[in-house]
Amino acid sequence: MEANLKLGQDEKEKLADPTLYRKIVGKLQYLTITRPDISYSVNKLSQFLSTPRVTHMHAAQRVLQHVKSYPRQGIFFAANTKVKLHAYTDSNWAVCPNTRRSTTGFCIFVGSSIIC
């Protein structure tokens, strides 16, 4: 997705048939298991599953273009890395413009490779 893209529910044009959007986001959610680089974008897109807009579909298509452009990206475990578990977390209080909910995120590393 674009770096400064702001997605919201107040967009003008609704999708005529939201089932394709829901299928794309569902498959992208499954893909985040091996592609943690798209986790943030897929999380944002999944917030609009109930009433997706045209701008949400365009953002989902951009994520698909990214996945297609870099097919070999994924989790890499180096052979010479010590198996050590590291975890980091962060949160933003009331950052969502629509619901005023907080957003939290985390990442977990095994050695130098991110797994979640």
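What the table shows:
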item: Residue match in region 5-14 (condition: of a type outside the set (Asp, Glu) and free of Cβ contacts under 8 Å to residues at least 24 places away in the same chain); result: no
item: Residue 14 being surrounded by 10 or more Cβ atoms within 10 Å (Cβ to Cβ) and more than 18 Å from the chain's Cα centre (by Cα); result: yes
item: Failed condition for residue 93, given (1) over 22 Å from residue 16 (Cα atoms); (2) within 17 Å of the chain's Cα centre (by Cα); (3) aromatic (Phe, Trp, Tyr); result: (2)
item: Residue within region 42-51 that is open to solvent by 30 Å² or more (accessible area, probe 1.4 Å), over 21 Å from residue 12 (Cα atoms) and free of Cβ contacts under 8 Å to residues at least 60 places away in the same chain present; result: yes
item: Total residues in region 17-30, condition under 18 Å from residue 65 (Cα atoms) and open to solvent by less than 50 Å² (accessible area, probe 1.4 Å); result: 5
item: Complete set of residues in region 19-52 that are aromatic (Phe, Trp, Tyr), more than 8 Å from the chain's Cα centre (by Cα) and assigned to a helix (DSSP H, G or I); result: 21, 30
item: Qualifying residues in region 97-116 (those that are outside any strand (DSSP E or B) and touching a residue at least 12 places away in the same chain (Cβ under 8 Å)) - the one least open to solvent (accessible area, probe 1.4 Å); result: 111
item: In region 53-91, residue most open to solvent (accessible area, probe 1.4 Å) [restricted to those that are touching a residue at least 12 places away in the same chain (Cβ under 8 Å), polar (S, T, N, Q) and not in a helix (DSSP H, G or I)]; result: 89
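The values are calculated or read from the model by the stated rules, or taken from the named source; none is laboratory data. None of these values were measured; they are calculated from a predicted model. With ideal geometry, Cβ positions are generated from the backbone for all residues, glycine too; neighbour counts draw on all protein chains shown. Please note that ligands, DNA and RNA were not included when accessible areas were found on the heavy atoms of the full protein model with its side chains. Shrake-Rupley method; radii C 1.70, N 1.55, O 1.52, S 1.80 Å.
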